[in-house]
Amino acid sequence: MASTIARFTLDGVQDADITVHPFATGDGLGLELTRYTRGESDDVVLLVHGLTSASDVFIMPEHRNLATHLLDSGFTDVWALDFRMSGRFPYDTESHRYTLDDIALYDFPAALAELRRHVGDRRVHVIAHCLGSVSFSMSLFAGAVTGIASLTCNSVSLTPRVPAFSRLKLTLGPAFLEYVVGLPYIDPRFGDAPVLTRGWMLSKAVSLFHRECDVSACHLQSFQWGAGKPAMYRHANLLPVTHERMADICGASGLHYYRHVRKMIEAGHAVKYDAGSKAHASLPQNYLRNAADVQTPLLLLAPEQNKVFADSNPHLHKILEKAAPGRHELRPLPGYGHLDPLIGKNAHLDVFPHIVDFIKRHSA
Ligand SMILES: [Zn+2]
């Protein structure tokens, strides 16, 4: 769908110096941090996207985005990460067997090392979404990253829970698509594929079940993640332009991470994908094992209309309250779904102030 907004544009953040910082992971991937600064600050904020998206969810020009909101709120040094799930990189649509353990072990420690090279020992606050939030939380609770002043998790963290229909899809979906349909990944742009190709047929088949709007990329996003019409957000919370360019914001993504998420859902909390993996020997089998020892306070944002990760964050908050009473906070978000707390037209009124308030209370 044509849009006047360029893909991957940085125009959504005005009056900031923007610099790009490439770095490499220990297992050989090139990743990138983008820094938006209006001057030095004792409190640095790092933004972490989710699966199928990229740092673009924090810098969209059509609404008051989170990066701008933070800069305007006095947090004048904001960094946005693109890690291996990012739609700005090819990694997730290539043939791969990466798990969230790889991200926890390789991506975030390398990102923090690059960040620290520039900001030294200033306080670093992290705001993370979706599987970026799950994997960053894993990295933090495993001790692979340390010295984080606060962590805000949107939608989900260490206890992924999904609606029953999603559970069925997670169980059958990856093998069905890879072996039966023959697609290694799902692309929201399949609606634009040549007629009668596998991608085109999948798009048409999915759209038969989605009469709630006429944007096929929106239907494929619902198919890929969650159980709802739509699943990822509430239509009413999006600007029309955001809805129409959904394929720019949530791109193509592979299926293997779903297998790890399924294991976590079965276990009831974040677990290592392969308990016997030598490469991941430094990671715990149960990421909640040392929950009481983790000093970083978490803000768990819990959208009440979450059709992707259901009540994951309220559930985790109960567990963490037992491990470390009073350390972590739960913030229900009435009227919001999984992704609209970040990309919604009124997120700067309904959601971002809660994040800013939380970070301010853990600054200075
Ligand atoms: Zn839609």
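Derivation of every value follows stated rules applied to the coordinates shown; laboratory data play no part. In this text, all values refer to a predicted model and were calculated from it rather than measured experimentally. When we count neighbours, we look across all protein chains shown, and the Cβ atoms used for this are built from the backbone with ideal geometry, even at glycine.
Worth pointing out:
- Counted by neighbouring Cβ atoms within 10 Å, the residues Lys360, Lys322, Lys278, Lys263 run from fewest to most as Lys278, Lys322, Lys360, Lys263.
- Proximal aspartates and glutamates relative to Lys263, as straight alpha-carbon distance under 18 Å, when same-chain residues fewer than 8 apart are discounted: Asp101, Asp102, Asp274, Asp311
- Packing-based exposure ordering (other Cβ within 10 Å, fewest first) of Asp56, Asp42: Asp42, Asp56
- Evaluated at q = 0.08 Å⁻¹: base-10 log I(q)/I(0), Debye formula over Cα of the chain: -0.35
- Charge sum, other residues only, whose C-beta stays under 14 Å from Phe309's C-beta, Lys/Arg counted +1 and Asp/Glu -1: +2
- Only Lys, Arg, Asp and Glu carry charge here, each on its Cβ (+1 for the first two, -1 for the last two); on that basis the range 217-364 has a dipole of about 300 debye about its Cα centre.
- Candidates Val119, Leu316, Leu10 compared by Cα position along the dipole of the chain: farthest toward the positive end lies Leu316, with charges placed on Cβ.
- Base-10 log of normalised Debye intensity for the range 1-77 (one unit scatterer per alpha-carbon) at q = 0.11, 0.18, 0.20 Å⁻¹: -0.32, -0.80, -0.96
- If only the Cβ of Lys and Arg carry +1 and only the Cβ of Asp and Glu carry -1, the dipole of the chain around its Cα centre is close to 1020 debye.
- Candidate lysines for bridging to Lys345, where Cα separation is under 27 Å - those fewer than 8 sequence places away on the same chain excluded: Lys229, Lys307, Lys360
- Taking Leu168, Leu183, Leu301, Leu71 and counting other C-beta atoms within 10 Å, the order from fewest to most: Leu168, Leu183, Leu71, Leu301
- Karplus-derived 3J(HN,Hα), 6.51/-1.76/1.60, for each residue of the range 52-59, Hz, glycine and proline x: 6, 10, 7, 4, 4, 5, 9, 9
- Overall form of the range 125-199 per C-alpha gyration tensor (a/c, 1.5; a/b vs b/c): prolate
- Helix-only arithmetic for the chain: the sum of -39500 (n - 2.57) across DSSP H runs with n ≥ 4, divided by the residue total, places the mean residue ellipticity at 222 nm at -8500 deg cm²/dmol.
- Tensor-based shape of the range 39-157 (alpha-carbon gyration tensor, a/c under 1.5 rounded, otherwise prolate or oblate): oblate
- Longest segment of the chain lacking chymotrypsin sites (Phe, Trp or Tyr not before Pro) that sit in a DSSP loop with at most 13 other Cβ atoms within 10 Å: 9-208
- Considering only Ala231, Leu168, Trp200, and ranking their Cα positions along the charge dipole of the range 164-254 that arises from unit charges at the beta-carbon of Lys, Arg, Asp and Glu, the one farthest toward the positive end is Leu168.
- For the range 224-315, convex hull of alpha carbons as volume per residue, Å³: 154 Å³
- Positive dipole terminus of the range 186-302, leading residue within Asn286, His243, Gly254 (C-beta point charges): Asn286
- Simple point charges give the picture: +1 on the Cβ of Lys and Arg, -1 on the Cβ of Asp and Glu, and for the range 164-254 a dipole about the Cα centre of about 260 debye.
- Whole-number D in µm²/s for the range 164-254 (Stokes-Einstein; Kirkwood sum over Cα pairs; 10 °C, 1.306 mPa s): 119 µm²/s
- Cα centroid of the range 43-99 to Cα centroid of the range 123-183, whole Å: 15 Å
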